[in-house]
Structures are given as structure tokens and as C-alpha cells.
Amino acid sequence: MTFSANKLLLFGATGDLSQRMLLPSLCALASDGLLPDNIDIIGTARSEYTDESFRNFAAEALAKFLPAGRKVDVDTFLTKLRYQDLDASTPEGFDTLAKCVGPIGTEENEGLSIFLSTAPSLFEPTIKGLAANGLATGNVRIGLEKPLGVDLASSCQINDAVASAFSEDRIFRIDHYLGKETVQNLLALRFANIMFEPLWNAAHIDHVQITVAETVGLESRVGYYDGSGALRDMVQNHILQLLALVAMEPPTSFDATAVRDEKVKVLRALRPIQPNETVTGQYRAGAINGEAVPGYDDELGRESETETFVALKAHIDNWRWKGVPFYMRTGKRLPERTTEIIVKFRDVPFSIFEDRGAKTLPNTLVIGIQPRENIRLSLMAKVPGLDRGGIRLRQVPLDIAMPDAFAGPERRIAYERLLLDLVEGDQTLFVRRDEVEAQWNWIDGIRETWDEANITPKTYTAGSWGPSAAIALAERDGVTWHE
């Protein structure tokens, strides 16, 4: 159903995500005139705030987390905020919340968007409370922040609970990576330029690498992370979404159904992982940027077998990608914070320069997502100068740095795009139920492989690129991880 929501209800409004991302994103959108002028933003959480004290709370968060130099009208934005405390685990408070929100579907209040960022245990009671109090009608849509379960069974349970009150066209499952500019630019790179599509297949691409590296450790996520691990926390959602965008067939149009239809085909074509195609690790004490950092067990305060690093060699069994390995890795306490997609093309079939002593190297496309947003294509070129009887070749980059190429627009927080689409009802950059379930089905298979083969995390020193076995995973195929 198409409607622009002029009411936005934020569950978890006093949490870390709200402070760091949601409130700054909404303030920026409102300041740029991208939200409805009469939008009413209602925060809700267990904390007991009045409207005024919540606005003070929001003002402190904005002062701390708004990007430096971002021009916003904080005072006007704060007037759009209200607050209603709620214990989502009990049904009594939802009646009061519904009265605070007011009737939906009227000329004055056309529609409501809900952003649900709560503990997974509160999803079902929250949905029931919303439905029982008229907050799940046809003019209400809901955005769901991860985690959506810890395996396929629990994900289906959550999805069933949401589907009991909301139709699929009103459910917006959030993967914040899809809100990043460079991730969206991947679609433009592939489908707005003719030069890559004829080469985007197994005949011309040797392999693909996807790296999502973090320098941080547990930080404030101790309770969640130790029950999740790197496979569930990063591979199941962010990395598989990046893989799907790289590998998908051209959609018939740029709309939610067409784009997500093609992504889910890729996810369903993933071959089950074999024991020799996976490496897990857990960091021990080391140094990051010259500063000593503790090991995972030290941070946790006890011994654990939770993986903080995963490397995988995946295959997509379809016509386009048969035989092309996709190397994926993610980990905490790695040397740098970076997210990159590397597309390594095959070498030229025959080099006319070899008898002149010049060696050719394969072209490489590097798509930098964070912290550097750039697209870089390496090409072979002749080194200027005179060489007796020979020729010198060298790889040179064609480099498009997004901040330089588009100097005008300010850098956006990924959640700005997603919150705007939630308000406007555009599902293109959100994840459909069959996508989520295809992702979990593949991830569950990996965990079963670990259990059957007794694969446990190998230690690696904080500040390194993971266990040495992860390097061997690629190098035994003649592949070097891009660093």
C-alpha cells in the first residue's frame, strides 16, 4: 500500500542505535526537508521520560553523534519529538501508547511507520500489543532491526509473528549496509554501464573477494555477540547481501520486487560449504594501532568458543558463476576497519609483450565501501620512456573517490536512506522474508558442518589478518587476499 507516513514510532528510542544513528539521521532528513513537514516522531522505551526530558536526551545525542560539519536545524527538529514510556513485555502499556499515537488513516494522520529496535525476545509481545491496540492496520508499516533470529527456525518464528499482524508489503527488514551509498552504487556500476556486463561472468572473472574487517572488540555488545559470533553477526546478513548484489542477474526494473527476486535466486544457488572451505578464529591479546588490547576471553571474563573471525570459500551454482570462487572473510580486532569487494578478472589469454620481457597482470576492480568510498579499476599501461629492445608495463589505477567525484552532497548516514524509504514505503533496499530464510538456511548448514567436522576457532593475534589457515584457504588456489 502506498502512503507517506506522517507519524513515526521509534521503539528502543533511548538505546545506543537511536543515539548514534536514528536521531542524527532523522534530524538531518528533517533539516533537508525530506520528511513530511508535519511529521510526528514518538519515541518509546522503558525509560521514564517526559516529552521535554526526551528532547533534552535527544539534544545531547545529536551534539555527540551528528557528523562534524553537518548543517542541521536541531531546535526545529526537537519540536517534532514526543515520548511515551512502555514496557513491551507486558500488554497493559500498549493502550496508552495507542492513545499517544492517535487514530491512523485519517486525513490528518495518513499513516504510521514503526521502527522496531528491541531485544529479539520482545518481538512477539510487541507485535501482539500493536495488533491488539489498532497499531497494525493497513496504514501502518513496520521496520525490523536485526537480529531476526539465531537460525532458520527462530527466524521463521519471528517472521510468522510479524506476518500475523502485517502483510509482507508492509514489513521492512533492515540491513543497514544496503543504505550505504557505495553499496547502492554497486547497482549503478553494474546496470547503468554497458562495459562491465559482458565481462561479468565465469568466462572473464577469476574470483571475487569480500572483506568486512573491524578493529574493535566486544565494546558494549558482550551479551549479544557471545551468543551470536561472526558468522551470524556479519556473514548471515551484511556479507551475503553484498554477495547477492555482486552476483545477481540484471533485474527487469529498479523496484523492490524485481531487485529482490534476483537476489534470492543467488542465495538459493549457494553451494553447501565443505569443511575445507571454512576457517574460524578467535583473537587473543595483541596490538591495534600501536595500543595493547586484550584477547576475547579476557574481555568476556571467561573462556568461550565463539568465533570472532570467519573465512569462507563459497560457490554459486548457476550458469553465470559456475566455477568462480567467492572468498569471504570478516573479523574483529583486525589491522584496519575496512569493507571492500574485490573482483579479480582473468589474465589476457595471450600476451604479445611476453617475448619483450613484460609481464601482464589481471585487471582488478576494487569497490571500497568503508571507510573509503571509492571505485578503483587497475589497468595495464606502458611505463613512459625508452627501453632498448623491450617494453615495461605497470598496473595503474583508474580511481573514482566518491567524496571527490561528488563534492557537493554531504556524506549521509546509511540509516538516512533507510528511514526515508520506511516513511515513504519503498522496499527496494530492504530484505524480503524469502531472502532472510535463504540466508539462514545456508548459514545453518555451515554451523552443522562445523559441528560434524569438529571445527573450532583457531587463535589469532589482535592486529593480524586472522588465523594463518585463512591465508592458506585462498593461497592453495593461487589467490592472495587483497590488503
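The values are calculated or read from the model by the stated rules, or taken from the named source; none is laboratory data. All figures in this text were calculated on a predicted structure; none of them were measured in a lab. Note that we place each Cβ from the backbone using ideal geometry, even for glycine, and neighbour counts take in every protein chain shown. Please note that ligands, DNA and RNA were not included when accessible areas were found on the heavy atoms of the full protein model with its side chains. Shrake-Rupley method; radii C 1.70, N 1.55, O 1.52, S 1.80 Å.
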The Cα extents of the chain along the principal axes, largest first and rounded to whole Å, are 84, 50, 45
Between GLN157 and GLU52, Cβ-based FRET efficiency (R0 56 Å, step 0.05) works out to 0.90
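Let me spell out the model: positive unit charges on the Cβ of Lys and Arg, negative unit charges on the Cβ of Asp and Glu, origin at the Cα centre of the range 245-399. What dipole size does that give, in debye rounded to 20?
For this selection, approximately 660 debye.
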Expressed per residue, the solvent accessible area of the range 133-265 in Å² (1.4 Å probe) is about 33 Å²
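Restrict the search to the range 17-102; then list the trypsin sites (Lys or Arg not before Pro) that DSSP places in a loop and that have at most 11 other Cβ atoms within 10 Å of their Cβ. Spell out each step's value before the answer.
Values: sites: ARG20, ARG46, ARG55, LYS64, ARG70, LYS71, LYS80, ARG82, LYS99; in loops: ARG46, ARG70, LYS71, LYS80.
Counting only loop positions with at most 11 other Cβ atoms within 10 Å, the trypsin sites (Lys or Arg not before Pro) in the range 17-102 are LYS71.
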For the range 223-312, listing trypsin sites (Lys or Arg not before Pro) in a DSSP loop whose Cβ sees at most 11 other Cβ atoms within 10 Å gives ARG302
Output ordering of 237-248, 161-172 (per-residue mean of other Cβ within 10 Å, highest first) is 237-248, 161-172
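Calculated FRET efficiency, SER31 and VAL216, Cβ-Cβ r, R0 45 Å, to nearest 0.05?
With R0 = 45 Å, the Cβ-Cβ based efficiency is 0.90.
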Simple spin-label estimate for LEU300/SER253, 7 Å along Cα→Cβ, in nm, reads 4.9 nm
Between VAL383 and TYR224, Cβ-based FRET efficiency (R0 56 Å, step 0.05) works out to 0.60
Between the modelled labels at ASN289 and ASP169 (7 Å from Cα along Cα→Cβ) the distance in nm is 4.8 nm
Burial-style ranking of 85-97, 329-341, average other-beta-carbon count within 10 Å with highest first, yields 329-341, 85-97
Computed, not fitted: 222 nm per-residue ellipticity of the chain from DSSP H runs ≥ 4 (each -39500 (n - 2.57)), nearest 500, equal to -8500 deg cm²/dmol
Surrounding charge for PRO250, neighbours by C-beta under 13 angstrom, Lys/Arg +1, Asp/Glu -1, total 0
Farthest towards the positive end of the dipole of the chain, among PHE309, PHE166, ILE342 and with Cβ unit charges of +1 on Lys and Arg and -1 on Asp and Glu, lies the Cα of ILE342
Gyration tensor on Cα atoms of the range 1-69, a ≥ b ≥ c root eigenvalues, a/c under 1.5 rounded, else prolate if a/b beats b/c, else oblate, says oblate
Excluding residues fewer than 8 positions from LYS458 in its own chain, the aspartates and glutamates with Cα under 17 Å of it are ASP226, GLU277, ASP297, ASP298, GLU303, GLU305, GLU307
For the range 294-324, listing chymotrypsin sites (Phe, Trp or Tyr not before Pro) in a DSSP loop whose Cβ sees at most 12 other Cβ atoms within 10 Å gives TRP319
Taking placed amide H atoms and a strict 5 Å upper bound, the residues 5 or more places from VAL293 or on another chain that come that close are GLY286, ALA287, ILE288
Hits in the range 428-446: amide N under 18 Å from the 7 Å Cα→Cβ extension of ARG268, namely 431-445
When the charge dipole of the chain is computed with +1 on Lys and Arg Cβ and -1 on Asp and Glu Cβ about the Cα centre, the Cα farthest towards its positive end, among LEU386, PRO294, SER468, belongs to LEU386
Once ARG372 and ALA119 are pulled to full extension, the length gained, defined as 0.36 nm per residue separation minus their Cα-Cα distance, is 87.9 nm
Residues whose built amide H sits under 5 Å from the amide H of GLY43, excluding neighbours closer than 5 in sequence, are LEU10, ARG82, TYR83, GLN84
Karplus ³J(HN,Hα) for the range 287-294 (6.51 cos²θ - 1.76 cosθ + 1.60, θ = phi - 60°; Hz, whole; x = Gly/Pro) runs 9, 10, 6, x, 10, 5, 10, x
Projecting the Cα atoms of ALA438, SER154, PHE254 onto the charge dipole of the chain, where Lys and Arg contribute +1 and Asp and Glu -1 at Cβ, the residue farthest towards the positive end is PHE254
In whole Å, largest first, the alpha carbons of the range 276-388 cover along the principal axes 64, 41, 27
With 0.36 nm assigned to each residue of separation and the Cα-Cα distance removed, ASP355 to GLU92 gains 86.5 nm
Taking a crude spin-label model, label points 7 Å out from Cα along the C-beta direction, the GLU197 to SER468 distance in nm is 4.7 nm
To the nearest 20 debye, the chain has a Cα-centred charge dipole, built from +1 on Lys and Arg Cβ and -1 on Asp and Glu Cβ, of 1640 debye
Expressed as a percent, the accessible surface of the chain that is carbon or sulfur, using a 1.4 Å probe and the full set of protein chains, is 51 percent
